[in-house]
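Undergrad: Could you have a look at this structure, given as structure tokens, before my questions?
The values are calculated or read from the model by the stated rules, or taken from the named source; none is laboratory data. Just so we're clear, the structure is a prediction, and the values are computed from it rather than from any experiment. Neighbour counts are summed over all protein chains in view; Cβ atoms, including those assigned to glycine, are modelled from backbone coordinates with ideal geometry. Accessible surface areas use protein heavy atoms only, side chains included; no ligands, DNA or RNA. Shrake-Rupley method; radii C 1.70, N 1.55, O 1.52, S 1.80 Å.
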Amino acid sequence: MPRISEADRTRNEEAIRAAMDRLLRGELPPGGKCDLKTLAAEAGVTRTGFYPKKNRDGTTRPGPYQHLAEEFERRLTAQREAGEAPDPRTAQIERLKTQVAELKERVTKRDEAIAQLTAFKTLTVSRLAAQHMEIERLREQIAAVDNVRRMRATGSQTS
């Protein structure tokens, strides 16, 4: 691969820095993110320039724009730690993750409440059934005995 001239390299670094500033301000292109791939596309350079290279002897050397990639990552991390998110999707993802966690907790609590109410309902229905059976047994017992008289229901009493 041919090497680029110092003027081209300087021009590329300026384009990368300008793109970096735009991305970190939140000026994202449609479909782009605040990442190295978008930075390279916005600056018009190949992404491979941001990563280390291997020499023929197996040793590694820094990529031509690796120092700018590290600067970009540092600035992006600092912004995130300060609570600023240049990529609104990242903030939205974090907000949605929090919301999902809250909803999961609410569903768990509701499931527990439903389980308790179901157990209470089962207990109540079984008690009512037992009481009904006891009433029926007592009615049968009364009907079987001849010495029990039914009392008349009286109307309103007058004095």
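Undergrad: Quick check on ILE93: is it open to solvent by less than 100 Å² (accessible area, probe 1.4 Å), in a helix (DSSP H, G or I) and either closer than 30 Å to LYS33 by Cβ or touching a Pro at 6+ places or on another chain (Cβ under 7 Å) (or both)? Write out each step before concluding.
TA: Numbers: open to solvent by less than 100 Å² (accessible area, probe 1.4 Å): yes; in a helix (DSSP H, G or I): yes; either closer than 30 Å to LYS33 by Cβ or touching a Pro at 6+ places or on another chain (Cβ under 7 Å) (or both): yes.
In short, yes.
Undergrad: Which condition breaks for VAL45 when tested against (1) in contact with a Cys (Cβ under 8 Å, 6 or more places away or on another chain); (2) closer than 30 Å to ILE4 by Cβ?
TA: Single failed check for VAL45: (1).
Undergrad: Could you tell me whether any residue of the range 53-68 is surrounded by 14 or more Cβ atoms within 10 Å (Cβ to Cβ) and of a type in the set (D, E, K, R)?
TA: The answer is no, given that none of the residues of the range 53-68 is surrounded by 14 or more Cβ atoms within 10 Å (Cβ to Cβ) and of a type in the set (D, E, K, R).
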